[in-house]
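Q: Sharing a structure, written as structure tokens. Questions coming.
The values are calculated or read from the model by the stated rules, or taken from the named source; none is laboratory data. Here the structure is a predicted model, which is why all the values come from computation and not from measurement. Counting neighbours? That spans all protein chains shown, and the Cβs are built from the backbone with ideal geometry, glycine included.
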Amino acid sequence: LQGSLDDAMLSDDMKAKIRNLIERAKDTLLFKQSKEQQSKRRIEENTTQLMQMHQQLFRTMQQHETLKQQFEQRQKQLTINTAFNARVRAITYSLNGVPMHKIKIIDPPLDMKAYRKTLSYKSSASLIKKVKTKPAKKQVVNAADLRQSTATISEILKRAKVKTPPSKAKQQQDHKPKESISFP
């Protein structure tokens with residue numbers, strides 16, 4: 001079309017139309033080129049964004065895997081520690097014969113004065129019978145029962161006018177050392 005503009009046979013109207021067509025063609029070419037450049041830029045931006053997103057996704061997946069492995073390791077360690085703790089408690093129980101929980105033994109309250117008073121009202125035969133009877137097998141004996149039995153026996157001995165042996169502390173006080181003999 002540019003070459004035909006130089007032709008003298010064409011009228012000025014025709015030349016103007018050709019120039020108009022050439023300018024439109026240039027404009028459409030420029031528009032197409034700008035559109036292509038914009039689309040290329042968008043594609044490049046999208047690819048860089050996509051690459052960044054892929055990298056972020058990869059990092060996130062790696063973090064997820066490491067956290068998952070750490071969680072599994074902690075769970076395994078927790079089960080191992082729990083089993084070990086149970087074994088230690090069982091060993092402690094079997095070695096000591098004491099249950100795993102703390103037990104506090106409290107003697108039941110016993111008023112010895114009142115109990116001795118009741119003993120003075122009972123007959124000697126009933127007291128002797130109480131002392132001579134055998135306890136049932138596997139009977140649990142607590143401290144209060146032992147104190148009652150001791151008080152009963154001391155009452156029987158008191159009635160029989162038998163002196164009870166002195167305590168060890170009293171024996172040590174009464175014990176006098178013999179004079180030492182020295183040789184020349």
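Q: Please work out which one of (1) of a type in the set (S, T, N, Q); (2) at pLDDT 95 or above; (3) exposed (fewer than 10 other Cβ atoms within 10 Å of the Cβ) is the condition Gln69 fails and give its number.
A: Going through the list (1) of a type in the set (S, T, N, Q); (2) at pLDDT 95 or above; (3) exposed (fewer than 10 other Cβ atoms within 10 Å of the Cβ), Gln69 breaks only (3).
Q: Being at pLDDT below 95, assigned to a helix (DSSP H, G or I) and out of contact with any Ser or Thr (no Cβ under 7 Å at 6 or more places or on another chain): is that true of Ile103 here?
A: Judged against the criteria, Ile103 is not a match.
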